[in-house]
Amino acid sequence: MPEPERSSGRFTIGDRYRVLLDVGRRLAATLSTDELYAAIYHETSRVIESAGFYVSLYDQARDLATIVFFAEAGEVRRVTITYKGSDSEVLSSRSACLVTDGLGDRSLIQLGEDDTRVTRSAVSAPMIHKGHLIGAISAQSFHAEAYSEEDVLLLQGIADISAVAIDNAQHVAELERRRREAERVEEIGRSLTSSLDPKEVIGQVVEAVTDILDVDGASVWLADDPTGRVVRVASASGDISLPEGLAWNLAGPLADRLMRDQQSAAVDDLAESDLIPQHLRRYLEAGSGIGSPLVVAGEVVGVLTAGSREPRHFADEDKAVLQRLANQAAVALENARLHANLQALSLTDPLTGLPNRRRLQIHLDKEVAAARRGRRLAVVLFDLDDFKRYNDTLGHVVGDDILRAFAEILHAENRAMNLVARYGGDEFLSILSDSSAAGTELYVQRIQTRVVEDPLLSRLGVSVSVGITFFDPATMRTQEDVIRAADEEMYRSKARRKMGRQSTST
């Protein structure tokens, strides 16, 4: 459209209609909010002096307006400016405003970096659509008397068109976000049915958060202690992602809301909030953050968080989206927990709580394979002497107590890289990985000492026979060979002890 000609520096009514028609066509074709704000500025600056210009959006529930677009002297800048709507003449009155000189006296935002060059006159107009106050636009000049009532009418017309365009763009953006959310939830759902690895599903949830909420980082914090108040980063994604393993001791109102009340929580300004512990601040690049609890079987087991590098307000819809994704992550954790419980039940002896024979076979297969490659392997077989006599004379309840007491000793003396298991009946096996002969002997001595010191076992006079064998590649190929050798050594040990008692008695 050719630039309208001004009459005495002002637009005619015909010019104004042509300008608004062209603005309407341009804005109607722009659906991206960022592009839309720039288009509003471009179209306004063509017809109204705009040495300073901004677009602000208004949150009526919080009485807070946020500048989402800012330009000064033709340069678009990224700023973080918020102000109370009730303090704004334009927003509070819901009507256009003309200031011919002295913005500072009218509770209007005054642009400029110092007193020598600040905006003096301005024309501002509210953006209202279907009775809903969306925000305001304002054009400013470094000169006094730069605007007229005709400019007020023209800017109000642009603001009316902008309100419709912004409302449409927000609806389109929301529909697009919901579409992306539906796609991501479907992907996560497929993972839930095909994978029992919670880390894999949680990773997908974290990536979905950064995409759907358009944030700069997201993470999952899982409870790291029985109280649930110490959480640790289990998965993170984004430009401002936190290091995995970082711990945080939740406390105060934030912890109460997330852990006790099981509600989402948002912090608009992380730098100023006293809810963030000091040791975490050096890791936080975010300006704002939001978190939703992960609830499994009624208990909070962690938190799903999202962060924005620039300060922003997370609306109720943002919280709802994050909570829906948190629920997906919680389902993944619940599935993994149930699977782990079922697996543990299938591999655990119900009486003693030690690994059962099936779990022993799985572990020993791997250890024998490693031993064939050169790693040391010791196997110790324990047998409770004359156990049948205790069952027959004292009853099976006492017999079970004896088995549990000895299992507790084995469990207490076990190391993380080793495995102790109930082999069957009154026999137990210890698999000692990369253990020397001296180390194995010390281990057996500790077990024997604890048996003598145990209140129940010592009172009943329980003793234990031991068979020790070390993997020999020349004579052993399978786990059966190893166990057979330990079993034979255990019976030889029993025979030696029996002969020793007989010689002593004679």
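The values are calculated or read from the model by the stated rules, or taken from the named source; none is laboratory data. Being a predicted model, the structure only gives us computed values, none of them experimental. FYI the Cβ positions are ideal-geometry reconstructions off the backbone, even for glycines, and counts take in every protein chain you see. The protein model used for the area step is the full one, side chains on, heavy atoms only, and it has no ligands, DNA or RNA in it. Shrake-Rupley method; radii C 1.70, N 1.55, O 1.52, S 1.80 Å.
Taken together, the residues in region 231-254 that are closer than 23 Å to VAL201 by Cβ and surrounded by fewer than 16 Cβ atoms within 10 Å (Cβ to Cβ) amount to 6.
Every condition in (1) under 21 Å from ALA315 (Cα atoms); (2) open to solvent by less than 20 Å² (accessible area, probe 1.4 Å) is met by ASP268 except one, and the failing one is (2).
Listed residues ARG404, ARG373, ARG422, ARG389; which is touching a strand residue (DSSP E or B) at 6+ places or on another chain (Cβ under 8 Å) and among the basic types (Lys, Arg)? Before the answer, list the steps.
Values: ARG404 fails: touching a strand residue (DSSP E or B) at 6+ places or on another chain (Cβ under 8 Å); ARG373 fails: touching a strand residue (DSSP E or B) at 6+ places or on another chain (Cβ under 8 Å); ARG389 fails: touching a strand residue (DSSP E or B) at 6+ places or on another chain (Cβ under 8 Å).
Step by step, each of ARG404, ARG373, ARG422, ARG389 is checked, and only ARG422 is touching a strand residue (DSSP E or B) at 6+ places or on another chain (Cβ under 8 Å) and among the basic types (Lys, Arg).
Taking region 1-46 as the range and being among the hydrophobic types (A, V, I, L, M, F, W, C) and modelled with pLDDT of 70 or more as the test, the residues that pass are VAL19, LEU20, LEU21, VAL23, LEU27, ALA28, ALA29, LEU36, ALA38, ALA39, ILE40.
The set of residues in region 78-96 that are under 15 Å from VAL55 (Cα atoms) and hydroxyl-bearing (Ser, Thr, Tyr) comprises THR80, THR82, TYR83, SER88. Tell me, which residue of region 271-290 that is surrounded by fewer than 19 Cβ atoms within 10 Å (Cβ to Cβ) and polar (S, T, N, Q) is modelled with the lowest pLDDT? Checking each candidate, the answer is GLN278. The residues listed here are ALA169, ALA159, ALA165; of these, the one that is in a helix (DSSP H, G or I), modelled with pLDDT of 90 or more and open to solvent by less than 40 Å² (accessible area, probe 1.4 Å) is ALA159.
Restricting the search to region 255-265, which residues are open to solvent by 20 Å² or more (accessible area, probe 1.4 Å) and farther than 19 Å from ARG62 by Cβ?
If we filter region 255-265 for residues that are open to solvent by 20 Å² or more (accessible area, probe 1.4 Å), which is where we start, we get 256-257, 259-263.
Once the filter is applied, which keeps residues that are open to solvent by 20 Å² or more (accessible area, probe 1.4 Å) and farther than 19 Å from ARG62 by Cβ, region 255-265 yields ASP256, MET259, ARG260, ASP261, GLN262.
A residue that is in a helix (DSSP H, G or I), surrounded by 12 or more Cβ atoms within 10 Å (Cβ to Cβ), in contact (Cβ under 8 Å) with a residue 40 or more places away in the chain and touching an Asp or Glu at 6+ places or on another chain (Cβ under 7 Å) cannot be found anywhere in region 463-478. The residues in region 375-389 that are open to solvent by 10 Å² or more (accessible area, probe 1.4 Å) and of a type in the set (Phe, Trp, Tyr) can be counted, and the count is 1. Could you check how many residues of region 332-363 are at pLDDT 80 or above, part of a helix (DSSP H, G or I) and open to solvent by 50 Å² or more (accessible area, probe 1.4 Å)? Of the residues in region 332-363, 5 are at pLDDT 80 or above, part of a helix (DSSP H, G or I) and open to solvent by 50 Å² or more (accessible area, probe 1.4 Å).
Of everything in region 394-444, what is assigned to a strand (DSSP E or B) and either open to solvent by less than 10 Å² (accessible area, probe 1.4 Å) or farther than 20 Å from SER458 by Cα (or both)? Give them in sequence order. Walk me through how you get there before you give the answer.
Initially, region 394-444 is screened for residues assigned to a strand (DSSP E or B), giving 419-424, 427-433.
Result: LEU419, VAL420, ALA421, ARG422, TYR423, GLY424, PHE428, LEU429, SER430, ILE431, LEU432, SER433.
Of VAL296, VAL300, VAL220, which residue is open to solvent by less than 50 Å² (accessible area, probe 1.4 Å), touching a strand residue (DSSP E or B) at 6+ places or on another chain (Cβ under 8 Å), over 17 Å from VAL321 (Cβ atoms) and not charged (D, E, K, R)? Before you say what the answer is, go through the steps one by one.
Working: VAL296 fails: touching a strand residue (DSSP E or B) at 6+ places or on another chain (Cβ under 8 Å); VAL220 fails: over 17 Å from VAL321 (Cβ atoms).
Of VAL296, VAL300, VAL220, the one residue that is open to solvent by less than 50 Å² (accessible area, probe 1.4 Å), touching a strand residue (DSSP E or B) at 6+ places or on another chain (Cβ under 8 Å), over 17 Å from VAL321 (Cβ atoms) and not charged (D, E, K, R) is VAL300.
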